[in-house]
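> So that we are looking at the same thing, I have put the structure below in structure tokens.
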Amino acid sequence: SVSSIVPESCLLIVVGLLVGGLIKGVGEKPPVLKSDIFFLFLLPPIILDAGYFLPLRPFTENLGTILIFAVVGTLWNAFFLGGLMYAVCQLSGPGLNHIGLLANLLFGSIISAVDPVAVLAVFEEIHINELLHILVFGESLLNDAVTVVLYHLFEEFASFEQVTILDIILGFLSFFVVSLGGVLVGVIYGVIAAFTSRFTSHIRVIEPLFVFLYSYMAYLSAELFHLSGIMALIAAGVVMRPYVEANISHKSHTTIKYFLKMWSSVSETLIFIFLGVSTVAGHHYWNWTFVISTLFFCLIARVLGVLVLTWFINKFRIVKLTAKDQFIIAYGGLRGAIAFSLGYLLDYEHFSMRDMFLTAIITVIFFTVFVQGMTIRPLVDLLAVKKKQETKRSINEEIHTQFLDHLLTGIEDICGHYGHHHWKDKLNRFNKKYVKKCLIAGERSKEPQLIAFYHKMEMKQAIELVESGGIGKIPSAVSTVSIQNINPQTLPLERVIPALSKDKEEEIRKILRTNLQKTRQRLRSYNRHTLVADPYEEAWNQMLLRRQKARQLEQKMNNYLTVPAHRVDSPTMSRARIGSDPLAYEPKEDSENLPIITIDPASPQSPESVDLMSEEPKGCSGLPPSPEEDEEGLVMRVKEPSSPGTDDVFTPGASDSPSSQRMLRCLSDPGPRPEPEEGEPFIPKGQ
């Protein structure tokens with residue numbers, strides 16, 4: 001219950017304080033955290049663990065933001081804090097006015113850097129989202145170069161009688177030498193480690209040893225030439241990991257993973273305990289003005305730096321940093337044991353107020369770790385900051401990620417804008433074409449990325465099944481490739497495999513079939529029942545349904561009502577219609593009881609009184625059809641003579657009813673011919 005409120009780093013410092021007090025109470029001298037022990041033995045495992053398992057994609061995507069915070073932000077904090085502390089020392093009286101500008105700038109460079117150990121200890125417990133975690137943690141890793149340069153620069157300047165402009169220019173150039181030199185040393189040792197792991201297939205036991213050995217050699221080589229050892233360790237871990245994991249066995253990979261985690265945890269525990277012990281054992285000089293001013297100006301400098309830099313960064317970022325993000329970045333600037341160890345390294349000859357510097361540094365460390373570290377979790381919950389979601393990567397996600405990378409690269413090429421997607425694609429092509437062939441042994445150097453990722457997923461799944469005791473429940477989707485990976489077989493040396501054989505193509509197809517069909521099962525929660533209801537959605541649906549029904553009804557009516565209804569046709573029009581299709585009005589053979597009307601369409605002497613007003617299909621007159629008419633279809637009847645004195649055209653008759661008019665429209669132009677399966681024609685022929 002205590003660890004859910006108080007961070008583990010705070011508890012360890014309290015344990016160190018109790019142990020140091022107990023040792024001092026017994027009469028012995030408590031041990032102090034010496035800088036050599038810290039920098040040579042305790043710090044490298046933590047940085048190697050962070051660099052080897054660094055989430056590379058979010059780190060590279062936010063590299064510009066991280067560098068601005070790490071370089072410009074640290075420089076701003078150092079000079080702002082150093083200048084203000086120099087002003088405080090000059091204004092506070094005889095107790096502090098002997099501290100010069102260089103000493104205050106050196107103190108500002110020590111206390112301004114964010115500590116990676118403290119950030120890791122706190123941020124991993126609150127499970128902050130990946131963007132904020134990589135911004136604060138990446139800043140704490142990369143600001144080491146600035147801290148090392150400023151520390152050694154001001155330490156050297158303190159021994160000079162006069163500092164010239166040339167010294168300042170050389171000090172500025174030394175920043176690039178320290179940072180880029182550390183990265184170069186790490187890359188060289190990373191490539192050597194990857195190349196060495198290519199030839200360790202017969203001696204799997206010593207594979208983890210090469211990873212630790214070359215990483216530690218990179219750190220020592222960088223520190224030997226006063227370069228950034230932290231940058232060298234990060235570069236070595238990032239470079240060697242993809243090639244080493246492709247060459248070593250799975251047991252070696254597990255050994256590296258758990259040994260690094262265990263080693264970094266032990267180092268972190270010892271660092272915080274020694275901080276507590278050193279607080280009790282060290283010599284302190286307390287000055288209220290200096291200590292309180294240091295604490296206040298540290299917080300002010302951090303807040304102002306984050307606000308100004310974020311305002312500038314958001315002009316170029318697609319995903320903007322919100323006010324909540326800025327608050328967490330500013331509040332997460334924790335100080336730790338690196339500042340204490342750098343302060344402990346100061347020489348009494350040039351810095352007579354070293355004890356006061358150490359007291360102020362310990363006060364700032366305790367305030368950031370205890371106050372900020374304990375309150376950041378409830379503040380994250382109060383502000384509803386997005387938490388980290390633990391999700392397993394899937395084949396579907398990998399395919400879409402690669403697809404979007406290729407798509408954005410193509411868009412940049414078309415636009416002529418060479419952004420980071422373009423250079424990332426160039427680097428991947430160079431890596432695939434040349435580097436992999438040199439650093440990865442066997443056919444795995446030619447293996448497509450999708451199959452390599454699928455092998456890794458299946459291996460992880462098989463191990464989880466074995467550990468859980470469910471080996472009998474292995475799903476059918478697990479192919480024989482994973483079984484071969486669990487028990488690898490030795491391949492003949494002369495075996496030559498093309499870049500992408502038919503077997504590989506079939507394997508890719510099988511991967512896609514077995515995994516992409518599961519998307520509906522994985523995304524089952526995203527359905528229309530779980531979405532937020534739209535109040536206007538029901539009205540729109542009803543309106544669309546009414547429109548659709550009206551359109552269907554109009555289309556049906558247009559099939560039959562293409563010509564508007566006419567009044568009674570004149571004899572000339574009747575003759576013309578019959579002449580156009582005389583066969584349609586032939587009398588039926590079996591209609592013996594009906595009079596047969598013979599019309600000569602070409603003869604002008606045809607009786608004017610004969611027309612087709614009485615043509616009706618069966619059932620259209622409103623009466624039920626007789627059995628005799630059931631098989632006859634249309635019949636022709638003689639028109640009843642009209643009464644004298646009436647007009648056939650303008651006088652409405654029995655034939656002017658709506659049903660009669662509809663029938664007239666049907667006979668005048670029946671519309672498009674119906675499909676064969678829809679029914680018989682209106683006037684069946686040949687009966």
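> Look at residue 175 and say whether it is surrounded by fewer than 16 Cβ atoms within 10 Å (Cβ to Cβ) and in contact (Cβ under 8 Å) with a residue 12 or more places away in the chain. Even if it seems obvious, please write down each step before you answer.
On the way: surrounded by fewer than 16 Cβ atoms within 10 Å (Cβ to Cβ): no; in contact (Cβ under 8 Å) with a residue 12 or more places away in the chain: yes.
No; evaluated as a whole, the condition is false for this residue.
Conditions (1) in contact with a Gly (Cβ under 9 Å, 6 or more places away or on another chain); (2) open to solvent by 40 Å² or more (accessible area, probe 1.4 Å); (3) outside the structural domain of residue 64 (by the TED database), marked per residue:
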{"position": "379", "(1), (2), (3)": "no, yes, no"}
{"position": "394", "(1), (2), (3)": "no, no, yes"}
{"position": "406", "(1), (2), (3)": "no, yes, yes"}
{"position": "412", "(1), (2), (3)": "yes, no, yes"}
{"position": "415", "(1), (2), (3)": "no, yes, yes"}
{"position": "420", "(1), (2), (3)": "yes, yes, yes"}
{"position": "427", "(1), (2), (3)": "no, yes, yes"}
{"position": "430", "(1), (2), (3)": "no, yes, yes"}
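Here is a yes/no grid of residues against (1) touching a residue at least 24 places away in the same chain (Cβ under 8 Å); (2) open to solvent by 10 Å² or more (accessible area, probe 1.4 Å):
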| residue | (1), (2) |
| --- | --- |
| 4 | no, yes |
| 9 | yes, no |
| 24 | yes, yes |
| 45 | yes, no |
| 49 | yes, yes |
| 64 | yes, yes |
| 70 | yes, no |
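> In addition: Looking at the structure I just gave you, is residue 180 of a type in the set (A, V, I, L, M, F, W, C) and without any contact (Cβ under 8 Å) to a residue 24 or more places away in the chain? It would help to see each step written out before you state the result.
Details: of a type in the set (A, V, I, L, M, F, W, C): yes; without any contact (Cβ under 8 Å) to a residue 24 or more places away in the chain: yes.
The answer is yes for residue 180.
Rundown of residues vs (1) modelled with pLDDT under 90; (2) in contact with a helix residue (DSSP H, G or I) (Cβ under 8 Å, 6 or more places away or on another chain), yes/no style:
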site	(1), (2)
281	yes, yes
288	yes, no
295	no, yes
305	no, yes
309	no, yes
313	no, yes
318	yes, no
326	no, yes
330	no, yes
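> Which of the numbered conditions does residue 326 fail, given that it passes all the others? Conditions: (1) in a helix (DSSP H, G or I); (2) open to solvent by 40 Å² or more (accessible area, probe 1.4 Å); (3) of a type outside the set (Lys, Arg).
Exception for residue 326: condition (2).
The values are calculated or read from the model by the stated rules, or taken from the named source; none is laboratory data. Just so we're clear, the structure is a prediction, and the values are computed from it rather than from any experiment. Counting neighbours? That spans all protein chains shown, and the Cβs are built from the backbone with ideal geometry, glycine included. Areas reflect the complete protein model, heavy atoms only, side chains present, ligands, DNA and RNA absent. Shrake-Rupley method; radii C 1.70, N 1.55, O 1.52, S 1.80 Å.
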